[in-house]
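Notes follow the structure.
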Number of protein chains: 2
Amino acid sequence: MRLLALPDGTTADPDAPHIRVDDLGLTRGDGVFETVLVVDGRPRELTAHLDRLERSARMLDLPVPARDTLERLFATVVAAWPSPGEMAVKVVCTRGAEYGDGTPTVFALAFSIEPHTVERRRRGASVVVLDRGFDPEVVERAPWLLLGAKTLSYAVNMAAQRHAAALGADEVIFRAADGSVLEGPTSTVVVAEGRTLRTPPASSGILPGTTQSALFRAAERAGWATKVEPLRVGELAEADGVFLVSSIRKIVRVHTLDGVVLPDATALWSELTGLYEAEYA
Amino acid sequence: MRLLALPDGTTADPDAPHIRVDDLGLTRGDGVFETVLVVDGRPRELTAHLDRLERSARMLDLPVPARDTLERLFATVVAAWPSPGEMAVKVVCTRGAEYGDGTPTVFALAFSIEPHTVERRRRGASVVVLDRGFDPEVVERAPWLLLGAKTLSYAVNMAAQRHAAALGADEVIFRAADGSVLEGPTSTVVVAEGRTLRTPPASSGILPGTTQSALFRAAERAGWATKVEPLRVGELAEADGVFLVSSIRKIVRVHTLDGVVLPDATALWSELTGLYEAEYA
C-alpha cells in the first residue's frame, strides 16, 4: 500500500511518473529527506523530523517549503490512509528541474511497513563495522562534505548495506578513521552500560537521531542517565547492550558484532522499547 | 534545446515527468551516469565513457543495459538533434523503482552546451583547493565508499561548487587528507611541467578521466611525456600549467589557485587544446 501527496494538498498515483529526468534530486542527489513513523494516524516526532529536514536543507543551501506546507503533506496522506496501525511517510525535497523554473520538487510518499522490518525489531540484527573513511576532525572545517545532512546522496549507505549482506550480516555500524563510532547507514547507535545510555554526538559528522532523542527523553524520565559523547568501537563489545535506533525500525538489538555474539540484551531491549512506546501512549 | 531518448529507441518530451517518486536514483542517489561530448554528430570517446559507466555500475552491483542498447540511446539523440556543432549527452542508469518490477531506469538526455561553458574554456578558471576528507589509503580496503565511481550521489560535489562560488572562485580541486591532489567535482586535474603532463592515478579514489586519457594520447603522439602518479597540492603552484579537463568543458586553464595568480599558461593551453582537437579532426 502506498499513497503519494503533493504540496498543493492533492494525492496522486505513486506508480505514475511525476519527476522529470533533469530533476537535480535524480541527477545530482541534490536534495534532502526524512522518514517519519505514523501510528494510528499520529506522526511520531514530526517536529524533530521537520527541524532536521530544515537543518539538512540549510547545509545544502536548499530552499524547502514553509512548515505548514510540509505539515499539510503529512496530514494529506495520514487522512487518506485507509487502515489503523503503523505506516511510514517519506518526505522528499529536491532542488527541482535543472532546466525548469527553479521550483523545488516536494512530495510525501506514505507506505506500509514491510513484515521483515517488523521482524527485525523483534529478532535483532547481526552487524558489521565498516570504515566511513573520514576523520571527525574534518567535519567542522569542511562543511561541503555535508556530513550530518540527510541528503538524497545515499549511494554509499546503500553500498555499505549491500557489503554487509554479502558478508552475511543484517546491518552496518560506520566507524570514523580515528576508530570512533559514527552511525548506521539509516540508524543511530545507542549503547547501554548499567543504567546509562550513550550515543555519539552529531559533531562527529552524523545525523542527530530523532528516535534516539525520543528514547533518551523516555529513559531519563525513568531514571536512566544519558550521555552524548564520543564512543570507541572497542566499547561496543563491552556494553550491556548495543542498539540501532531509527524511526521505522524503532529499537533494534545488535546480537552479533563482526561475527562475535554479544551478551544477550533481550531484557534490556524490552525495557527500552517499553519506555519508548510509553512516550506515545 | 534538449532531447530525451528512452531505451526502446524512441524519443520523449524532456519537460514531461518520466520518473517515479520511488525511483532509487532519486531517493538514494543509487545509479550511475556519464556525460559525453558530441561534435557534428560524432560522440567523443564513447567507448571510454561506456567502459567507465560499466565500471561504475560494477562498483554499485548495478545492472546496466547491454552495450548496443546504450549505443542506440546515443544514436537516437544524435540522429534527432537538428543542428551541427557541439551538443552534450548525459546517459543515466538507476536501480529503478523501489516498489516496481525491478527494471532499471535508463535514459539519455541531450542538451545544448551553455555559452558560459564555452566561455570557461577560453577564459580559464579560478580554483580553490578543498579537502575531500578521506585518505587515499582507504580506497582499496573500503569499496563501499564508492570512491572513483561516477554515481548519482553528487551532493558533495555540488556543495563544493557552491562553496567555491561563495568564495568568489569558479571551480574546485579536491585534495585528500594526506595532501595529495584528487580531482575536480566534475573534472580531472592535469599539470604540465616542461614537456611532461601529469595526472593523479585512479587508485587515489578518483574517476579515470576520459578526456584526460584522450589528451595524454594526443600529447604522447606529439612527443610529450605523460605520467600517472600521485601529485602533491604544493606542486600545483610550481607547475608550468594546471588544467581541469572534462568532456564538456574540454581543457580549462587554472589561472588562479586559492587566490594566487599562477604563471600565464595561455600558450600551453592553446597547444594542448590544439593537440586534443586534432584527435578528432
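The values are calculated or read from the model by the stated rules, or taken from the named source; none is laboratory data. Being a predicted model, the structure only gives us computed values, none of them experimental. Here the Cβ positions follow ideal geometry from the backbone for every residue, glycine too, while neighbour counts run over all protein chains shown. SASA here: full protein model, heavy atoms, side chains in, ligands and nucleic acids out. Shrake-Rupley method; radii C 1.70, N 1.55, O 1.52, S 1.80 Å.
Taking amide H as placed 1.01 Å from N in the peptide plane, residue A:96 has its amide H under 5 Å from the amide H of A:24, A:25, A:105, each at least 5 places away in sequence or on another chain. Legend: mean number of C-beta atoms from other chains within 10 angstrom of residue C-beta atoms, peptide B:86-97, equals 1. Between copies, the label points of residue A:68, set 7 Å from Cα on the Cα→Cβ line, lie 5.9 nm apart, reported in increasing order to one decimal in nanometres.
Sorted shortest first, the separations between the residue B:102 label point and its copies elsewhere in the assembly read 4.5 nm; each point sits 7 Å from Cα along the Cα-to-Cβ line. Ordering of B:165-173, B:109-117, A:6-14 by packing is B:165-173, B:109-117, A:6-14, highest average first (other Cβ atoms within 10 Å, averaged per residue). Charging the Cβ of each Asp and Glu at -1 and of each Lys and Arg at +1, and nothing else, the dipole of the range A:2-113 about its Cα centre rounds to 240 debye.
Shape descriptor for the protein assembly as shown: Rg over Rh equals 0.99 (Cα atoms; Rh from the Kirkwood inverse mean 1/r). Counting only lysines at least 8 places from residue A:90 when in the same chain, those with an alpha carbon closer than 22 Å to its own are A:150, A:250.
I'd like to compare A:99-105, B:248-254: which one has the highest average count of other Cβ atoms within 10 Å, and what's the full order after that?
On the way: A:99-105: 14.1, B:248-254: 23.1.
The densest-packed peptide leads the list: B:248-254, A:99-105.
Against chain A, whose longest principal axis is taken from its Cα atoms, helix A:155-166 shows a tilt of about 50°.
In this structure the amide hydrogen of residue A:182, modeled in the peptide plane, comes within under 5 Å of the amide hydrogens of A:174, A:175, A:176, none closer than 5 places in sequence on its chain.
As a calculated quantity, the FRET efficiency between residue B:86 and residue A:225 at R0 = 45 Å, using C-beta atoms, amounts to about 0.10. When the alpha carbon gyration tensor of the range A:2-113 is reduced to an equivalent ellipsoid, the three semi-axes, largest first, read 23, 16, 11 Å. Seen from every direction in turn and averaged, the convex hull around the alpha carbons of chain B projects onto 14.7 nm².
Computed over the Cα atoms of the range B:62-102, pair by distinct pair, the Kirkwood hydrodynamic radius stands at 12.4 angstrom.
Whole-Hz Karplus values for the range B:48-54 come out as 5, 5, 6, 4, 5, 4, 5 Hz, taken residue by residue from phi with 6.51 cos²θ - 1.76 cosθ + 1.60 and θ = phi - 60°; glycine and proline positions read x. Note on B:124-133: average number of Cβ atoms from other chains within 10 Å of each residue's Cβ is 3. When the label point is put 7 Å from the Cα of residue A:178 along its Cα-to-beta-carbon vector, which residues of the range A:135-151 have a backbone N closer than 15 Å? Under 15 Å, as judged by backbone N against the label point of residue A:178, lie A:135-142 of the range A:135-151.
Split the accessible area of the protein assembly as shown by element, probe 1.4 Å, and carbon with sulfur accounts for 52%. Helix A:67-80 and the longest principal axis of the C-alpha atoms of chain A enclose an angle of approximately 90°.
Provide a whole-number value for the mean count of partner chain Cβ atoms within 10 Å of the Cβ atoms in peptide B:108-117. Average per residue, whole number: 1. Note on residue B:51 and residue B:99: the extension gain reaches 14.3 nm, defined as 0.36 nm multiplied by sequence separation minus the Cα-Cα distance. Ascending distances from the residue B:201 label point to its copies in the other chains, with the point 7 Å along the Cα-to-beta-carbon line: 3.9 nm.
Using equal-weight Cα scatterers in the Debye expression, the normalised intensity of the range A:118-278 in log10 at q = 0.14 Å⁻¹ is -0.65. Based on Cα contacts under 8 Å between residues 6+ apart, the range A:152-217 shows a relative contact order of 20 percent. For chain A, modelled as a GNM whose springs connect Cα atoms under 10 angstrom apart, the maximal fluctuation among A:258, A:240, A:40 occurs at A:40. The mean sequence separation of alpha-carbon pairs under 8 Å and at least six residues apart, normalised by the residue count of chain B, gives a relative contact order of 19 percent. For the range A:180-238, the convex hull spanned by the alpha carbon atoms encloses 71 Å³ per residue.
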